[in-house]
Amino acid sequence: MLKNYMEDVVEHLLPDVLAKYDNVCKCKECVDDIKAIALNNLTPLYFTSRKGGVFNKINEMEAQFEADTLKELTKAMEVVSKQPRHKV
Ligand SMILES: [Zn+2]
């Protein structure tokens, strides 16, 4: 199965990032928007299996992915918190 590894990184980091920001709406709609915006700004990284060389290489690079992902999640939260798609 084809999978975008960045989705996992976003899922993994989002709860921590959300916990640090009180002023952002945490309903499903806004959280999905935050994920979508962040993932659109991150380079997708597809792999076909959790086993094998590609994934091992990804693990070694994980710290850099996390730093980039945190930056994009923070930016995405600012966008959504200024313009939530629903009425407040
Ligand atoms: Zn919301």
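Remarks
- The stretch 1-50, residues that are within 8 Å of the chain's Cα centre (by Cα) and open to solvent by less than 30 Å² (accessible area, probe 1.4 Å): MET6, VAL9, VAL10, LEU13, LEU14, ILE34, ALA38
- Within the stretch 61-85, if we keep just the residues that are away from the ligand (no atom under 16 Å from the Cβ) and acidic (Asp, Glu), the residue that is surrounded by the most Cβ atoms within 10 Å (Cβ to Cβ) turns out to be GLU72.
The values are calculated or read from the model by the stated rules, or taken from the named source; none is laboratory data. Small disclaimer: the values here were computed from a predicted structure and weren't measured. Neighbour counts run over all protein chains shown; Cβ positions are idealised from the backbone, glycine included. Just so you know, the surface numbers come from the protein's heavy atoms only, side chains and all, with ligands and any DNA or RNA stripped out. Shrake-Rupley method; radii C 1.70, N 1.55, O 1.52, S 1.80 Å.
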